[in-house]
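The values are calculated or read from the model by the stated rules, or taken from the named source; none is laboratory data. Given the structure is predicted, the values throughout are model-derived calculations rather than measurements. A quick note on method: Cβ atoms are made from the backbone with ideal geometry, for glycine too, and the neighbour counts reach across all protein chains shown.
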Number of protein chains: 2
Amino acid sequence: MLKLSKKIEYGIQALQYMANNSGSVISAKEISEQLNIPYEFLSKTLQILNKNGIIISQQGIKGGYILARDPKSTTVAEIIKALEENAIIVDCLSNDQENCDRINFCTIKNPMNKLQEKINFLLNNTTIAEFSEV
Amino acid sequence: MLKLSKKIEYGIQALQYMANNSGSVISAKEISEQLNIPYEFLSKTLQILNKNGIIISQQGIKGGYILARDPKSTTVAEIIKALEENAIIVDCLSNDQENCDRINFCTIKNPMNKLQEKINFLLNNTTIAEFSEV
DNA sequence: TTAATTCGGATAACAATAGTCCGATTTTTA
DNA sequence: TAAAAATCGGACTATTGTTATCCGAATTAA
């Protein structure tokens, strides 16, 4: 129902936190405590963001995470893509047609695609920087 | 994860079908068969759309549904609102604060609200008419 | 060597969505 | 007036997806 998952919500909030503390390596524990986000769940989220090149991890004691890039160049669209496979509003827009077992009856693909593209435009043009300018 | 529910997907498709057959009363059964949508599930959906004044029902044999208004004046936003209570991208944008147990830690409300408003604009400006112009 | 951290896989708990069942009511028409 | 075809309404079930947890391994600074 057009809601972002907690993984994405937590992810964005964590990135915002890192953006506001740029320069220092920040542990999952610190973010978890400061933002009241379940530690284990946040850890997973950060690991995925790390694998997708949005943040950089440093292992070991004194380890943690740091933004990989300027907050202005990390978009919400990228974050969503990293944390989920499909960010499509209806199944028939999926690349693998198997996702939509009603493909032969789908009469809404084109107009839905237009709407999807407009939403994508918004997500591509919203960056982490806008979340730290509060 | 930013996906529309089946209720909404089916609802839009059904409204599109009605728009393309305007003038005649159309039964849930016909729509269900033509679009390969589970009958009982579709029925519920149409009943809700009826209650919300988006379509008009006619009971009894030869009964069915018909659009309540010109397709140009029924927006996707209205349909979503009719079929779901909350169409918000994050919990903290809810009116009743109880929905967000992290409200005191929420640092993303303002920027998320801006994004929400942009999405709302899109949904308010996409009508059923655009779905029948295929 | 120890402590604090990330990493990775499995799994459990929970919630929401999707779908079904069934009986009641309405209305047309034969 | 009876039968048939439709909507209406509530309860229920099944399935899936999200959210969260557990635990052990690997890494690294001090």
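Below, the figures for the structure above:
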item: Answer from B:Thr107, B:Thr74, B:Thr127 - the residue that is farther than 30 Å from B:Ser27 by Cβ and among the hydroxyl-bearing types (Ser, Thr, Tyr); result: B:Thr107
item: Selection within segment A:12-40 - within 18 Å of the chain's Cα centre (by Cα) and within 10 Å of DNA strand D (Cβ to nearest atom); result: A:Ser32, A:Ile37, A:Pro38, A:Tyr39, A:Glu40
item: Residue list for segment B:122-134, filter: under 19 Å from B:Asn95 (Cβ atoms) and surrounded by fewer than 18 Cβ atoms within 10 Å (Cβ to Cβ); result: B:Asn124
item: Any pair with Cβ under 9 angstrom, 6 or more apart, that starts in segment B:9-30 at a residue that is away from every other protein chain (no Cβ under 11 Å) and ends at one that is of a type in the set (Gly, Ala, Ser) and crowded, with 23+ Cβ neighbours inside 10 Å; result: B:Ile26/B:Ala14; B:Ala28/B:Ala14
item: Only listed residue being assigned to a helix (DSSP H, G or I) and modelled with pLDDT of 95 or more, chosen from A:Glu98, A:Glu117; result: A:Glu117
item: Condition broken by A:Ser94, with the remaining ones in (1) closer than 18 Å to B:Tyr10 by Cα; (2) at the interface with another protein chain (Cβ under 8 Å from one of its Cβ atoms); (3) of a type in the set (Gly, Ala, Ser) satisfied; result: (2)
item: Qualifying positions in segment B:22-47 - at pLDDT below 95 and within 16 Å of B:Lys62 (Cβ to Cβ); result: B:Gly23
item: Complete set of residues in segment A:65-74 that are buried (at least 19 other Cβ atoms within 10 Å of the Cβ) and within 14 Å of chain B (Cβ to nearest Cβ); result: A:Pro71, A:Thr74
item: Residue among B:Lys62, B:Lys51, B:Lys44 that alone is within 13 Å of DNA strand D (Cβ to nearest atom), away from every other protein chain (no Cβ under 12 Å) and within 24 Å of A:Arg102 (Cβ to Cβ); result: B:Lys44
item: Matching residues in segment B:1-56 - criterion: being assigned to a loop (DSSP other than H, G, I, E, B), within 12 Å of DNA strand C (Cβ to nearest atom) and surrounded by fewer than 15 Cβ atoms within 10 Å (Cβ to Cβ); result: B:Asn36, B:Pro38
item: Test result for A:Thr74, free of Cβ contacts under 8 Å to residues at least 40 places away in the same chain and within 10 Å of the chain's Cα centre (by Cα); result: no
item: Residue within segment A:81-90 that is more than 10 Å from chain B (Cβ to nearest Cβ) and part of a helix (DSSP H, G or I) present; result: yes
